[in-house]
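Visitor: Got a structure for you, written out below as structure tokens; questions coming shortly.
The values are calculated or read from the model by the stated rules, or taken from the named source; none is laboratory data. Values in this document were obtained by computation on a predicted structure and should not be read as measured data. We place every Cβ from the backbone using ideal geometry, glycine too, and count neighbours over all the protein chains shown.
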Amino acid sequence: MDGYPVQLEIRVAWGDMDALGHVNNTIYLRWFESARIAFFERIDLSASRPEKVGPILASTTCDYLTPVEYPATIAVGARLQRIGNTSFVIEHLATKDGAPVARGSAVVVLIDYETGEKVRVPDEMRAAVARLGGGEAAGPG
């Protein structure tokens, strides 16, 4: 999974299946969430942001490319797609045996938890993301 600096291996659990015998659509979003949290951990999000400022998930997408069945091991990757003034977009990819099974993205906005207002992405966080690799600096977002 070239180009994805954050990668996880996730084993499909029997309970991930739905009545049709494949992984339920909501599970893919959990896989993406796990990769996104690992991305935050890699950039040490808590150390690179002011107190009482943090991320909220503004939107998330998932394009389901092929069904996944139990048993399977899925590789899930996360990388920065774009960083704006108050938000950034994380791109996700899930593969099975090297073949894509789903693609998605997440728009993450930084807010002041006390006021609910958007906050500019701190320079320290931008630097941490740049060290991790990927993405582009962009205008307002």
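Visitor: Hey, among the residues in the range 8-18 that are in contact (Cβ under 8 Å) with a residue 60 or more places away in the chain and exposed (fewer than 11 other Cβ atoms within 10 Å of the Cβ), which one's nearest to SER59 (Cα to Cα)?
Guide: GLU9
Visitor: In addition: Since GLY77 meets every condition but one in (1) surrounded by 17 or more Cβ atoms within 10 Å (Cβ to Cβ); (2) free of Cβ contacts under 8 Å to residues at least 40 places away in the same chain, which condition does it not meet?
Guide: All conditions pass for GLY77, except number (2).
Visitor: Could you pull out the residue among VAL109, VAL101 that is in a strand (DSSP E or B), farther than 30 Å from LEU20 by Cα, at pLDDT 95 or above and touching a strand residue (DSSP E or B) at 6+ places or on another chain (Cβ under 9 Å)?
Guide: Details: VAL101 fails: farther than 30 Å from LEU20 by Cα.
That would be VAL109, the only listed residue that is in a strand (DSSP E or B), farther than 30 Å from LEU20 by Cα, at pLDDT 95 or above and touching a strand residue (DSSP E or B) at 6+ places or on another chain (Cβ under 9 Å).
Visitor: Are there any pairs, at least 6 apart or on different chains, whose C-beta atoms fall under 9 Å, with the first in the range 118-136 and under 20 Å from LEU57 (Cβ atoms) and surrounded by fewer than 17 Cβ atoms within 10 Å (Cβ to Cβ) and the second among the basic types (Lys, Arg) and at pLDDT below 85, and if so, which?
Guide: PRO122/ARG49
Visitor: Scan the range 65-74 for residues that are outside any loop (DSSP other than H, G, I, E, B) and either surrounded by 15 or more Cβ atoms within 10 Å (Cβ to Cβ) or hydrophobic (A, V, I, L, M, F, W, C) (or both) and report the count. Explain how you work it out, then say what you get.
Guide: Initial filter on the range 65-74 (outside any loop (DSSP other than H, G, I, E, B)): 73-74.
Those still in the list that are either surrounded by 15 or more Cβ atoms within 10 Å (Cβ to Cβ) or hydrophobic (A, V, I, L, M, F, W, C) (or both) too: 74.
Selection size over the range 65-74: 1.
Visitor: Tally the residues that are hydroxyl-bearing (Ser, Thr, Tyr), surrounded by 15 or more Cβ atoms within 10 Å (Cβ to Cβ) and assigned to a loop (DSSP other than H, G, I, E, B), restricting the search to the range 30-62.
Guide: The number of residues fulfilling the criteria is 1.
Visitor: If I filter the range 55-67 for residues that are at pLDDT 95 or above, more than 18 Å from the chain's Cα centre (by Cα) and farther than 18 Å from VAL6 by Cβ, do I get at least one hit?
Guide: yes
Visitor: Of all the residues that make up the range 19-74, how many are polar (S, T, N, Q), in contact with a strand residue (DSSP E or B) (Cβ under 8 Å, 6 or more places away or on another chain) and in contact (Cβ under 8 Å) with a residue 24 or more places away in the chain?
Guide: Here the count works out to 7.
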